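Readers should treat all values here as calculations from the given coordinates under stated rules, not as data from a laboratory. This one's a predicted model, so the numbers in the text were calculated from it and none came from an experiment.
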Amino acid sequence: MTALKADAFCAPISAYSSCLTRTVSDLTSDCVIVLDAKQQRMQFGTHPEGVGIELPRRITPHADTSHHSGRFAEIDLCAEMRERLAQYNVSDNDRHEWFGFGVTLADGTADEAYLRLDPCTDRVLVASFLSTIWRILREDVLQERQHNAEGPDESACDDALLWMISQKIGLGVMVMNAEGLMLRANAAAKAMLLSGDVLQRSSHGIIARDDLQSRLFRDAITECSHSDDPNFEKVVLLDSRQHGRRVPVTLARFRHEGKATDLVTVLLPTPPQSEAVFRVAKSFGLTKAEARIAALLQLGLSNKEVSKQAGLTEQSSSTYCKRVLSKMNVHSRAEIAQLLTWQSNCGGTG
């Protein structure tokens, strides 16, 4: 790997950034970034204790112009840089070391990111991760700085909202790139991946219960990442190991300020209780019989499976299904499963 060079001119870290802390939390708890490293040199870190620590300045990128493509490359850290970064260590893991990454943007602006990582971490993958999220992260960090300058209340409200989504909502939320690499996940999604009930981590990335469902999931990511329709979303019904039912996983291409990105959002609900599903179904104006059919459709069952469990003929279950679609104002079984699952998990009433 060709590296960018660093030398020693000092400037203080300007501010703590909560959005930077959230973004890199799955990689490290110790991170410093430098925006416009050659000119204004605005520095942000993941710990308030790090404000004021001086870091050496890199004069110019390496002569290799391939780094002007907007992709991150690893930076060689000089001895002074390592010494200054050591002052910023907050986590207790002595095995972790500081690594640097640099990028030159299309307008010539040079940015840097320094992360304290396990030496076994695939740093090519880290550089790819930074390249994917940098444009959005950069804007968010600068907007956060502006909000803090205008007054802390708005930023605090944003943090509270994001904390609630991250920690308290029973819907798993993941952000993935077009290659299927998970970049971020909230607490619910991390717990679901750990349980391996619907999706789980593997050496090949995020996988489902079997090869067929894993392919369906990966194909959905690819389809979403290439969609130009701002309202497009893909619902994939995946099997749950624990509950023996299908779970509607919803994917959509993320758009930042109206512009498409390379990111795909994945919503992974926990399988709700059948009583909650039935109650939410009735709130859409369904009769008891229709609500029972809707609850079976929420499980991702086929007409044949629905008719068998409901004790009806396939023709009768098909008729009920059409009524449910009409009353719930949706167009497919997947949408029924999606809507009832979301509403049941969030305590909605339709």
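Annotations
- Annotation: extensible slack from residue 80 through residue 124 equals 13.4 nm (criterion: 0.36 nm per residue apart, minus Cα-Cα distance).
- Whole-Hz couplings from phi, Karplus 6.51/-1.76/1.60, listed for segment 304-321; x for Gly and Pro: 5, 5, 4, 4, 5, 6, 8, x, 10, 6, 4, 5, 5, 5, 5, 5, 4, 4
- Over segment 192-324, relative contact order from alpha-carbon pairs under 8 Å, at least 6 apart, %: 15
- For segment 192-239 versus segment 254-297, the gap between their alpha-carbon centres in whole angstrom: 17
- Residues in segment 323-329 carry Karplus couplings, in order, of 5, 4, 4, 5, 5, 8, 6 Hz; the curve used is 6.51 cos²θ - 1.76 cosθ + 1.60 with θ = phi - 60°, and Gly or Pro positions show x.
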